[in-house]
Amino acid sequence: MKKVGVTSGVYWVEIPEADLFVLCGCPADSVKHLMKMGHIVEAEKNGAPAQTGPNAILLSDTTMQHGSFSNLAEFPVLQMLYLQGMILPNHPNNTGRKPMLIGLEDQVRSQSEYIYRGTYGLASLQEIVETGVPGDLARDIMRIKRWFAFDNIRRTEDLLDLKIVDAPAVELRNHAFVRRRGFNRYEFIHEGQSVTVDLNLAESEEYPPTYQLEQKQVGREHFSVIHVGEGDGWEVSRPCMGSILCFQGRVYLLDAGPGIHHSLAALGISGNEVAGIFHTHGHDDHFAGLTSLARADRRVPYFAVPPVRASVVKKYAALTGRVEDTFYRYFEPRDLILDAWNRLEGGLEVLPVFSPHPVETSVFFFRVQKESSYRSYAHLADISSFDVLRKMVTADPSKNGISQKFYDACTARLLAPVSIKKIDTGGGLIHGNAEDFAADGSGRRLLSHFSTPLTESQKKVGTVAEFGQEDVLIEAQYDAQRLEAERILLSYFPQVPARDVHALACFPLMQFAPGTIIQTSDIPVANVFLLVRGIVERREMPESAPVKLSAGALLGELEALHDERPRGLSRAASHVTALRIPRDEWLDFLNRLGLTDNLRRVRAEREFLQSTWLFAEVVSFPLQNRIAGLMERRFVKEDTVLRPLGGAEVLLLADGLITVFFGAIPIENVTPGDFFGEESILRGTREPPPGWEERFARPAALGAGTARIHLFEARALLDSTLYAIPGKALEDIPIVQWRLMETYERRLKSFRSEMRFEWDEAYAVGIPALDGQHKEMFRIIDGISAMAEGRTPGDGAALMVDRFISLARSHLRYEETLLSREPDADFDNVVQENEEFLRKLEGVRKYLERAPADTLLTTIAFLKDWAIDHSLLENQRMKSSLS
């Protein structure tokens with residue numbers, strides 16, 4: 001048995017004797033990390049190509065960590081099924097044994113549905129028609145889907161073995177077990193050996209990409225294309241295929257692949273600067289980065305044709321386990337008409353063209369008029385090669401595939417000449433071939449979406465863009481940066497005459513290189529800086545975690561009100577453009593608006609908001625003021641039960657200590673700067689686990705008979721000061737909604753550490769007397785748990801612990817008697833370990849008498865751990881000795 005760290009939150013566990021190779025944790029690009037580590041390599045089996053790799057995936061307990069999806073099993077599953085050959089007809093690795101998906105039930109079920117949607121998108125004619133697609137085209141789309149699916153759309157469970165960890169320990173294969181040791185912590189056990197993996201990210205960790213990007217500064221032209229990805233889902237050295245469209249100085253994403261926030265940061269672009277996303281389709285190498293756009297403090301416009309949007313929303317809902325409408329908390333839909341030029345604000349036009357693919361897909365053509373002609377760009381992501389399309393052609397409308405007329409129209413659209421065309425050349429069944437565009441009349445052809453070196457014939461067709469390369473189609477004849485500064489100020493002060501805002505925007509624009517200190521606590525504030533572009537890290541104390549500020553943030557604005565020094569150090573994390581407003585001019589501007597007194601009144605609240613994880617990246621000046629103005633300060637005494645005082649609200653702890661409970665189980669302590677009450681906003685977007693009300697009673701300290709309003713309850717352990725913020729005030733702030741959802745998910749899963757403790761025949765040693773005693777131990781422990789959790793009445797937990805001690809003592813003596821007859825059974829060590837356990841157990845029992853309320857759950861955890869260790873580790877070794 002071997003465990004290897006792969007990257008942050010990801011491990012590789014192999015048990016060759018059990019034919020088990022597990023990818024533990026599967027965030028975006030986990031397959032690329034396995035490739036980089038050498039756990040996936042090109043190989044051959046019985047003359048057939050067959051990559052090595054995992055045959056099982058252990059899922060994280062939680063959907064997301066630190067703002068990114070934790071479970072994205074689509075590409076790992078594709079690698080197992082296709083690149084390893086486990087699903088390919090007549091392949092030597094297609095033995096009938098399915099790859100495994102392991103984890104908590106809700107995560108396994110969510111991943112199953114998400115993989116299904118990632119494979120097929122909209123999976124029925126009715127679902128397609130409901131998006132407004134005409135009947136004839138909808139039927140053509142289903143014929144295409146079924147052709148790519150080899151005439152059989154199959155559920156995920158037909159392809160994967162779904163292993164749900166709903167018992168103390170679950171057998172995976174060949175006497176190899178897995179058990180859950182706590183939130184996101186799992187132990188693998190086999191023949192007396194074990195390893196433990198912890199899938200939690202540390203406070204300062206995030207899921208890293210497999211590549212390093214050089215920081216670059218790009219222009220903001222009237223119409224240009226910035227290239228941010230040319231690889232595919234298997235390329236370890238480059239980001240996935242994607243581009244940034246720049247129009248009138250504003251940036252729009254074309255797809256959002258994994259790690260897109262790293263690409264944007266390297267270019268000095270923050271999520272708040274993204275004016276919208278044009279989405280081609282929902283495969284993970286174009287979808288996984290959507291979480292980065294949810295880090296903005298406003299909803300991001302989402303441009304797509306309705307079938308693509310519906311497909312993506314269903315995949316997102318499956319992945320997160322929430323209702324589809326939750327997607328619109330983060331994105332503002334802007335539906336496009338398929339196969340028609342859609343004119344957007346300012347004169348940008350976009351033509352979405354249908355692309356035959358397993359999921360709903362459209363490629364994009366963009367154009368902007370300059371004088372009497374157009375400059376244009378085509379983004380052909382995930383097209384099929386013309387050879388594959390020809391194989392799909394059939395004259396029989398009852399068969400799956402396409403008609404000759406459909407083929408002719410599709411290829412003619414793709415070959416339409418433009419100024420610049422980026423082409424998917426990944427090959428295979430669902431990607432394009434460069435040679436199809438050899439006669440394309442476009443002015444410049446770029447090849448993308450591949451992971452192998454270009455062939456000589458491909459090099460004759462086109463070239464490859466470098467990361468950060470910008471193709472300018474129409475130069476800006478204006479100062480785009482100053483116009484952006486003015487736009488931000490106008491949005492902040494809509495009631496102010498435009499000429500006054502224009503005068504404020506005329507102050508100098510400063511450029512800061514990465515690493516430059518912008519403000520420091522050593523120097524009083526002389527200027528207020530409005531961030532126009534780029535990312536700034538603010539650190540209040542040398543040892544504190546940095547807060548990332550993006551476009552729209554104001555530096556020194558609060559300190560300027562009282563002629564103070566900055567609270568910490570602000571440093572450029574990328575190339576930064578900032579409007580430098582002298583302090584006196586800024587204060588004069590606020591005085592003329594009559595805002596100064598109000599800003600001073602809410603100063604303490606805003607400073608507190610900026611110090612919290614929940615609100616630190618809410619950079620909008622008016623948004624901070626609005627929230628601060630709605631905050632209600634509350635004082636609570638020690639041992640107070642905290643209940644909502646009306647509608648949904650979030651409670652921020654300013655001072656004191658709060659404990660959050662799920663039923664009878666303490667989930668976590670809330671310390672100053674943390675929050676609770678998130679479920680009052682998110683409740684209804686996810687149902688609680690089945691049977692939770694029956695299994696987890698209210699803690700007695702919370703007061704019997706009190707009406708339950710929240711899943712989570714809270715109690716003040718010390719006198720505490722809180723700020724209450726109405727849920728309505730947070731509805732339109734994606735970064736806050738995302739963090740509320742992440743916290744809710746984490747807390748909801750934490751209670752699962754106290755799952756029911758039940759015997760499984762897989763734990764049997766094969767000696768009837770011993771197995772009978774083990775079963776009785778399990779029954780006693782579950783009985784104690786039931787009392788502690790309120791599942792059964794009674795106060796006899798101490799007596800049941802006494803009963804367990806008596807049974808354990810006689811049981812261990814019997815085992816020692818059996819082992820004493822075997823010369824190779826390591827008898828002396830076994831006796832010593834048994835005595836140590838009994839000594840600890842007696843100590844726990846004595847402490848339980850002095851403080852039963854504080855130690856019972858700890859006692860249960862101790863007994864459960866020992867019982868599993870004993871039955872799956874010690875007794876497996878004993879079984880080997882006695883065989």
Starting from the range 278-296, take each residue that is closer than 9 Å to H261 by Cβ and list its partners that are open to solvent by 10 Å² or more (accessible area, probe 1.4 Å) and of a type in the set (D, E, K, R), counting only C-beta distances under 8 angstrom and pairs at least six apart or across chains. R295/E617
So, of the residues in the range 140-152 that are among the hydrophobic types (A, V, I, L, M, F, W, C) and assigned to a loop (DSSP other than H, G, I, E, B), which turns out to be most open to solvent (accessible area, probe 1.4 Å)? F150
For the range 130-139, which positions are modelled with pLDDT of 95 or more, part of a helix (DSSP H, G or I) and either over 24 Å from H286 (Cα atoms) or within 28 Å of the chain's Cα centre (by Cα) (or both)? R139
Hey, L338 hits all of (1) in contact with an Asp or Glu (Cβ under 7 Å, 6 or more places away or on another chain); (2) open to solvent by 10 Å² or more (accessible area, probe 1.4 Å); (3) in a loop (DSSP other than H, G, I, E, B) but one; which does it fall short on? (1)
What are the residue pairs meeting all of these: first residue in the range 799-824, first residue farther than 20 Å from V765 by Cβ and without any contact (Cβ under 8 Å) to a residue 24 or more places away in the chain, second residue open to solvent by 70 Å² or more (accessible area, probe 1.4 Å) and not polar (S, T, N, Q), Cβ atoms under 8 Å, and 6 or more apart or on different chains? none
Restricting to the range 426-478, give me the number of residues that are among the aliphatic types (A, V, I, L, M) and outside any loop (DSSP other than H, G, I, E, B). 7
By residue number, the members of the range 719-746 that are among the hydroxyl-bearing types (S, T, Y), outside any helix (DSSP H, G or I) and closer than 15 Å to A648 by Cα are Y723
So, of the residues in the range 195-212 that are of a type in the set (D, E) and part of a loop (DSSP other than H, G, I, E, B), which turns out to be most open to solvent (accessible area, probe 1.4 Å)? E203
Determine the pairs where a residue that is under 14 Å from R580 (Cα atoms) and small (G, A, S), located within the range 499-520, has a partner that is open to solvent by 60 Å² or more (accessible area, probe 1.4 Å) and in a helix (DSSP H, G or I) with Cβ atoms under 7 Å apart, the partner being 6 or more residues away or on another chain. A505/R482
Answer with yes or no whether L389 is farther than 20 Å from Y120 by Cα and open to solvent by less than 70 Å² (accessible area, probe 1.4 Å). no
V6 fails exactly one of the following numbered conditions: (1) in a strand (DSSP E or B); (2) open to solvent by 30 Å² or more (accessible area, probe 1.4 Å). What is the number of that condition? (2)
Test result for I681, under 23 Å from V547 (Cα atoms), of a type in the set (A, V, I, L, M, F, W, C) and either open to solvent by 10 Å² or more (accessible area, probe 1.4 Å) or modelled with pLDDT of 80 or more (or both): no
Flag if L122 is under 27 Å from R334 (Cβ atoms), open to solvent by less than 10 Å² (accessible area, probe 1.4 Å) and touching a helix residue (DSSP H, G or I) at 6+ places or on another chain (Cβ under 7 Å): yes
Taking the condition buried (at least 17 other Cβ atoms within 10 Å of the Cβ), outside any helix (DSSP H, G or I) and modelled with pLDDT under 85, does F757 pass? yes
Inside the range 293-302, the number of residues satisfying the requirement of being open to solvent by less than 10 Å² (accessible area, probe 1.4 Å) and touching a Leu at 6+ places or on another chain (Cβ under 7 Å) is 1
With respect to E617, determine if the residue is open to solvent by 30 Å² or more (accessible area, probe 1.4 Å), under 25 Å from P734 (Cα atoms), among the acidic types (D, E) and in a loop (DSSP other than H, G, I, E, B). yes
Can you tell me how many residues within the range 167-189 are not in a loop (DSSP other than H, G, I, E, B) and not basic (K, R)? 11
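The values are calculated or read from the model by the stated rules, or taken from the named source; none is laboratory data. Note that the structure is a prediction, hence the values are computed from the model and not measured. For neighbour counting, all protein chains shown are included, and Cβ atoms are generated from backbone atoms with ideal geometry for every residue, glycine included. To get the accessible areas, we keep the full protein, side chains included, count just its heavy atoms, and leave off ligands, DNA and RNA. Shrake-Rupley method; radii C 1.70, N 1.55, O 1.52, S 1.80 Å.
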